[in-house]
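Nothing in this text is a laboratory measurement; each read-out follows from the coordinates by a stated rule. None of these values were measured; they are calculated from a predicted model. Reconstructed Cβ throughout: ideal geometry from the backbone, glycine too, with neighbour counts over all protein chains shown.
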Amino acid sequence: MTRSFTLRTALLASVLSVFLLHTAHAASQSGNGHAVSFSAEQVAHGAQIYAGACAMCHGADLEGGHDVPDLSTYFTARWANTPIDQLAGYISRAMPLMAPGTLPPQDTAALVAFLLHQNGVVSATDAPLPMEEARLAKLRFPAPSASSAAATKP
Amino acid sequence: MKRRDLFAASLAAGIMGSTRRGWAATPDAAAALGRTALHGTIPRIVPIRAHADQIMDIKVCLRPFRPAGPRMDVEHVAGKTVVHNYGHGGSGWSLSWGAAYMAVGHAAATLERKVAVIGCGIIGLTSALTAQRAGLDVTIYTRDLLPHTRSVRANGSWTPDSRIALTQQAGPEFARTWEKMARYSWQTYRDYLGMPGNPIDFRDNYTLSDTAPDAADHVPAPADAAKGSFATTGMPQNSAEFAEYASLISDIIPAPELLAGADNPFPVAYARRTPLMIYNFGSYGHLLLEEFHQAGGRIVIREFHSPSDLADLPERVVINCPGYAARDWWNDKSLIPVRGQTSWLPPQPDASYALEYKGAAMISKSDGVMIQGYDMSGLGEMDGVGNSFEHPDRAEAEKAIAIIGDLFTRFQPRAG
């Protein structure tokens, strides 16, 4: 009885979470969906892509500038709790600005992994971040916790 | 009227404009003019200190160009009535009030009292103010405010038909729409002239040349048939494809005057002077924001990631003013970037004029001396087309500054 109740609740919760994932900007309390995982290889590959295609405008330290969005504190605030497929989709469609649409899916996923890592997100497992839109749609960009937001890089 | 017609092609194109600063008709025009300023009445020209080591800032803009002209239709998306107002090419500032007037008309026709405006560049701001003046409650949703929006990376002068459309793709109907927008905007701008801080102002703009007006180098390069056209390649291929509408409003735009002999204060053989309306970004931008807030407007800083995000806005009517960002945010692949770069040197309030020489333009504004290489490679309207490299190019900036700097090394200030 208890067991089937739990199962039912879990099922309902997962159905609900799928529903919520399709409602952009649901409140952060609605949960972060599945835990986000990415591999160390992706982070390393993402760092290479970033240095070659992104750093020229967004800065070596993701700091951005007056006319260029940062990819650090303001960035995490803008994307917090947003399904990650939207971020990956944005990068693949719009970036890099001088040659949009030129990054293959594995490079886009690696860049997302790199951005998550640089912004203090700890990967849940060693599993790589998926490239498929449908799977990314189940993941949300983690909201910075109050403690990590307060901590600043040296 | 005749006099204006002779100059129509080169007149209102302004600086972001183009190849149509043709001199071809000027000898006749000079005769037709029959007047220049009286000797001794030419304002004394203070030299511009155009040196690369004076650069304060380099701005890069991506003009949101659509071959068919700006997108101004109404669409129903995510349960909202969406009125589009984007894609004004190099004419966004100049046409802003007229475009806003049309967009707000569509919004008002829904009889809703509350409207959302997406974006706070010059199109978003003027749309929001126009909506308030029509009695609507307005909330602006935007990622950035001036001076971070792409709008402030323009040169800020009256260029109402600069990269606004391709003649063939826009069709004859758009010429009429353009004329309405241009006239409405021009009249609205007059309301901001002479105010404290000079948000909107005029400069004498000197168009200079070493060669005769009818010399070969002033004739636009013939279209290269081998390159095709937008119709055959999906991208504009030559200057002649770009629409010119300036002659439609030549009855209200001050005409150029040729400066002959002693009336020409510059070390070049040929000079023409045209009053040019300019926008001083700082004072004008702050003034518009103040007016918006004073009228009870609200600004929400927010980034939208997909059109479905509109669903959770409380307003049922949305005026969509994202500028170049529409390419991604509204997936409008018809938007073609046209790169332009301006560099800014310290203000010279003692030298309040503008000039164009060898493909470089200078406008002395309240927030700095603007220098732009608008056509240093002889590409005309094609300069920057398809280029979305939104990163400052210092070498390009220095080349443009050198053109103006060289002019003034040869300049002999008048006595008295």
- Query: Rounded if a/c is under 1.5, else prolate if a/b beats b/c, else oblate: with a ≥ b ≥ c from the C-alpha gyration tensor eigenvalues square-rooted, which is the range A:34-144?
  - Reply: rounded
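By how many nm would the segment from B:Ser308 to B:Arg113 lengthen if fully extended, with 0.36 nm per residue of separation less the alpha-carbon distance? Intermediate values should be presented prior to the final figure.
On the way: separation 195, 0.36 × 195 = 70.20 nm, distance 2.22 nm.
Length gained, B:Ser308 through B:Arg113: 68.0 nm.
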- Query: Based on DSSP H runs of at least 4 residues, each adding -39500 (n - 2.57), what is the mean residue ellipticity at 222 nm of chain B after dividing by all its residues, to the nearest 500 deg cm²/dmol?
  - Reply: -8000 deg cm²/dmol
- Note on the structure: Placing each pseudo-label 7 Å from Cα in the direction of the beta carbon, B:Asp406 and B:Met376 end up separated by a distance in nanometres of 1.0 nm
- In the structure shown, do any of B:Lys59/B:Lys358; B:Lys365/B:Lys399; A:Lys138/B:Lys80; B:Lys80/B:Lys180; A:Lys138/B:Lys114 have a Cα-Cα gap over 24 Å, and if so which? A:Lys138/B:Lys80; B:Lys80/B:Lys180; A:Lys138/B:Lys114
- Item | Folded to 0 to 90 degrees: helix B:167-190 orientation relative to chain B principal axis, Cα | 80 degrees
- Kindly work out what percent of the DSSP beta bridges joining two residues of chain B are antiparallel, to the nearest 5. 65 percent
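Show me B:82-95, B:228-241, B:379-392, B:56-69 ranked by packing, highest mean number of other Cβ atoms within 10 Å first.
Numbers: B:82-95: 28.1, B:228-241: 16.6, B:379-392: 19.7, B:56-69: 21.9.
Answer by packing, highest mean first, reads B:82-95, B:56-69, B:379-392, B:228-241.
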- Note on the structure: Simple spin-label estimate for B:Ala221/A:Ala51, 7 Å along Cα→Cβ, in nm, reads 3.9 nm
- Note on the structure: If A:Arg140, B:Arg410 are placed from fewest to most neighbouring beta carbons inside 10 Å, the sequence is B:Arg410, A:Arg140
- Task: Return the whole-Å distance between the Cα centroid of the range B:214-272 and the Cα centroid of the range B:68-105.
- Result: 28 Å
- What does the highest-first list of B:213-219, B:159-165 look like by mean Cβ count within 10 Å? B:159-165, B:213-219
